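Read-outs: derived from the displayed coordinates by stated rules, not from any lab. Quick caveat: nothing in here was measured; it's all calculated off a predicted structure. Cβ placement follows ideal geometry from the backbone for every residue including glycine, while neighbour counts extend to all protein chains displayed.
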Amino acid sequence: MSSPMSSPMSSRMSSRVSAGRSGWSVAPRCLRTRGHHRWISLQYYSSGGWRHTCGGSLIHRNWVLTAAHCVDQNLQFRVVAGDHNLYKSEGSEQVFSLSKIIVHPNWNTNNVAAGYDIALLRLASSATLNSSVQLAVLPESGSILPDGNTCYITGWGLTRTNGQLSSVLQQAYLPVVDYQTCSRASYWSSTVKNTMVCAGGDGIHAGCQGDSGGPLHCVVSGQYQVHGVTSFVSALGCNVKNKPTVFTRVSAYISWINSVLAQN
């Protein structure tokens, strides 16, 4: 089972696990400006319409990186690239069906705290790169960010308790909390693994339900790199003090990503 302190963050998770999936705390974020980050909405079909569930990162013209817990149910998914307002067409969107979903073989849907919360989605057609749709930059294999490194989470997740998804893409500043700190008993203890990245934890800004799978963009040598895939928060709430948002550490899975892309 998942740790009682951890709760995945796709926007449809409340029906799957009761502990902590309802009544989450507010996760304040700032309205983002266009241009810095890449915009991917993973959506599923239900009740005659498409609904946002998670974020993702376009890492190849026909591959999207996201969280395993976002796609481990038998649902019909699609990807919308270049999205900004979920409920308004702005002409920048590109919509794709999926030809393949590849979840990390070690992922356990009943134990998000074990790690391996990462998946790759092959698009049925290739994205057209332009000012709204660009490839994310991945980090070097094995790279570890220092404590306090500047990072931002982006997504359409909840912004108030029991509220709705944000209609427009938002971002929040979440500096890295190093593993030595994040694994302390007063933080995440043994729940967090060294294949994860912790960021935030100030009790104010955090990821929340609907942000899963989206990127943690971190500034490295003046360049934004995707160092994290949004994975889980505390079951006590999204923005609990000393419970940073936890991400799958992308640099721990570069060889797996390269292998999947090469074989498919």
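Taking the stretch 47-150, how much of its Cα-Cα pair set, in percent, is spaced more than 25 angstrom apart? So the portion of pairs separated by more than 25 Å is 28 percent. Candidate cross-link partners of residue 241 among the lysines, defined by an alpha-carbon separation under 26 Å and a same-chain spacing of 8 or more, comprise 193. Spatial offset of the stretch 170-200 relative to the stretch 212-243 amounts to 9 Å, using the alpha carbon center of each. Inter-label distance, residue 137 to residue 219: 1.3 nm, where each label sits 7 Å from its Cα along the C-beta direction.
Segment residue 88..residue 100, full-extension length gain: 1.6 nm, with 0.36 nm per residue of separation and the alpha-carbon distance subtracted.
The magnitude of the dipole of the stretch 149-251, with charges of +1 and -1 set on the Cβ of Lys/Arg and Asp/Glu and taken from the Cα centre, is near 180 debye. Starting from one equal scatterer on each C-alpha and no solvent at all, send me the Debye-based log10 I(q)/I(0) for the stretch 149-251 at q = 0.10, 0.12, 0.13, 0.20 Å⁻¹, two decimals. Ignoring solvent entirely, the Cα scatterers give -0.23, -0.34, -0.40, -0.94. Taking amide hydrogens as placed 1.01 Å from N in the peptide plane, the amide H of residue 220 sits under 5 Å from those of 225, each at least 5 positions away in sequence or on another chain.
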